[in-house]
1. Post the alpha-carbon centroid distance, segment A:251-285 to segment A:206-221, in whole angstrom.
2. Within 10 Å of each Cβ in A:229-238, how many Cβ atoms from other chains are there, averaged over the peptide?
3. Which semi-axes, in whole Å and largest first, does the equivalent ellipsoid of segment A:335-473 have when worked out from the alpha carbon gyration tensor as the square roots of 5 times its eigenvalues?
4. Could you give the longest part of chain A that holds none of the GluC sites (Glu not before Pro) found in DSSP loops with at most 11 neighbouring Cβ atoms within 10 Å?
5. Compute the normalised compactness of segment A:113-543: alpha-carbon radius of gyration over 2.2 N^0.38 Å, N being the residue count.
6. Using the 10 angstrom Cβ neighbour count as an exposure proxy, how do A:MET50, A:MET336, B:MET21 rank, fewest first?
7. With r defined as the distance between the Cβ atoms of A:VAL216 and A:ARG405 and R0 fixed at 22 Å, what FRET efficiency is calculated, to the nearest 0.05?
8. Which three semi-axes in whole Å describe the equivalent ellipsoid of the protein assembly as shown, each the square root of 5 times a Cα gyration tensor eigenvalue, listed largest first?
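Every number here is computed from the coordinates shown, using simple stated rules; none is lab data. Just so we're clear, the structure is a prediction, and the values are computed from it rather than from any experiment. All Cβ positions, glycine included, derive from the backbone under ideal geometry; neighbour counts span all protein chains shown.
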Amino acid sequence: MSDLQPGQLAPELLATAAALVLLLLAVSRRRPQLVMLPVGLGSIALGAWMVLGGAVVPGAVVGLLGVAAPLLPVLLPGRPTLQQAWGGGLALAGALVLTGWQLAVALGDGGALGVTGWRGSIAVDGLAGFTRITVYLSALLVIPMGYGYLQERRINRAEVEPLILLAAVGMALLGAANDLVTIVVALEVLSFALYVLAGLARRDRRSQESSLKYFVSGAVASAVLLYGMALLYLATGSLELPAIGAALGSVLVPAALVAVALVLVAVGVAFKVALAPFHLWAPDVYQGAPTSVTALMAAATKAAAFALLLRMALVAFPALGDVWAPALAVLAAASMLYGAVAALVQADLKRILAYSSVTHAGYAAIGVVARSTDGLGATMTYLLTYAVGSLAAFGVVIAVERRRRGEVTLATIRGLGRTSPLLAGILALALLSLAGIPLTAGFVGKLEVFRAGVAAGWTWLVVIGVLSSVVAAGFYLRIAGVMFLEEAPDAAPATGDADEDGDDEDARLPVLSTGLSAATALSAALVLVVGLQPALLLELAAQASVLVR
Amino acid sequence: MTGLDLVLLGVGLLTAASAVMTVISRNLVHAALFLAVALAGIAGVFLVLRADFLALVQLVVYVGAVAVLFLFGLMLTRAPIGREALDSQHRGLALGVSGTLFAVLSWLIVDAFGNVRVEEVAGPRIGDLGIALFRDWVLPFEVLSMLLLAALVGAIVLSRREDGESGEPEPVVPIALAVDPDADPDAAPDAAGEVRA
């Protein structure tokens, strides 16, 4: 077993350090350089030392961030929240670069993908790397998307970016966690940060309701999961997933104990990924939370929770595959059908997207049920494509919400295709991707998952998946039809002209600040690029389908 | 049945009884105090089983910190603590669920370990615990500090008085000590909201 290697957790260390620096920056409101100058100088020195030590890329990232730190208050004087947003965004971009560097080193000559680190606490493998990419990319896009929106709702507190960073670190760690203790701790870090973020809008009852429901259901799910893990430890005498997997393969473990442990763990994880009978919290929570937080939950949390599901299923419980696979298949089928049908009767766009996230949890679970290397790669690909598609959709929802100052329902976006064709086009593209229409990212993910499912012999499940896609395409097309075919309502309920860069020539045009439009356009571009050129992503997924067992 | 068994039985019954009282008592403060007794009872169980260190940790963390935090939370948030306090009216359902869970789990433990003869073991030395914690489990231990950080920041976010953000203070609305429910709600919505919250 290798010794402790900080390099294996480089992206997480960077993001954590950034969260601490941003908190200090928030405390030192009047004199930001008191914090930023020492931090910058220290980072530059550390970066130089790392470069001299041979670690060029991470050293360069740390050094550049060190240069950026004291520049932030200089370039953006008197705008603390904007400094926070830029700081958080730069740190996440750095974490993304570090993740790419780690994967490149591991996949290149002489590298190793699939080793354990920190005395078995984390696994440095493809699943961890892919989860990091999805999580950091989502968080990076969510910050600029949410900046103006939170600012207008007057809830852009100095703690938002540190909490987003902490949530992202928790999610990335969950993707890498290789023993039960690390899993629980990482899960709680991300959950705590998200509970608070969901309740940011303290005067909005829906936001409070969302936060409370998320907290209560999340705490219950954690308790159930924890009890299952305790029983698992009782049965196998180990906390490390590979050792648990090996112990469960032997005949000496008490069967009833393992069965109950499996059920409890499965229920807890199903809560976290919002599979069908355990999804009841999702619509209310998604609807009430500030929209940028909802986007983070949908895109990043789903990826992290699925990483947990994949690792538990394939590393800890492979010996019981014949038991859990049919059960999980039933859950997946129920999610796909129920989510699609329930979304048909919703009017609120955020609720529709919430039910669609339940559906997508079902699709992604097909890759888990397949129990194969292909299935692993397919689920990872699917989660990434779902993340970019849903981020683009939520970006447009934020844009519309900012103009209307209220909920975004089907009635609100009526005629959006005429008043602002670009925005409507991006939403349509995102919905097409979520529906899995060819030439978009969603198609690539769905095709991979279905292919893995058929290859593993789960034809009935894939048939249900196709069926559910057709139903889901119905409500996505309904949204597109409302936008493009119907006339905009005459009396545009536009109120308030205090938007930062809104020229009120046409009051019905949604507000687009630079950050929001850039992030939304980037997500939409990613949807297109992955849809048109899937080879790169699929190649990466195929090479990264490595699990530490 | 040795004397130790009797003590274990007694402590266990005390713990179970106060746990039940925690759930059925109608006064929140009483419930919190019963909870403290139940947690202390668990420490007693540990003590009888010769896990001294665990018993002490249980006392310090749960009775000393968690239970007291409950009481502080009740006082500081001025939560309704009287007889009319929150009750979700699902007694039968709750009894059914928890009863089933109890039956399943106790059957499970008896089924798995009923015939196993447990030898008396000397608990691990505290030094070994420390080495395990700071060498083998150092990563989760360090990440726990992030968990605390997130919780602290979250508590600040949720409890700090809201003033506008990024340095522009919102107009301060004086808090009326007694809000007339029939008063014009539009006159001072902020004040009313502040008092209700």
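1. One Cα centre to the other: 18 Å.
2. Numbers: counts 0, 0, 4, 0, 0, 4, 1, 0, 0, 0.
Per-residue shielding by partner chains comes out at 1.
3. 29, 15, 11
4. Numbers: sites that count: A:GLU487, A:GLU500, A:GLU505.
No qualifying site falls inside A:1-486, the longest such stretch.
5. That works out to 0.95 for segment A:113-543.
6. B:MET21, A:MET50, A:MET336
7. Working: r = 29 Å, r/R0 = 1.33.
Once the sixth-power term is evaluated, E becomes 0.15.
8. Numbers: eigenvalues 322, 217, 167 Å².
Equivalent ellipsoid of the protein assembly as shown: 40, 33, 29 Å, largest first.
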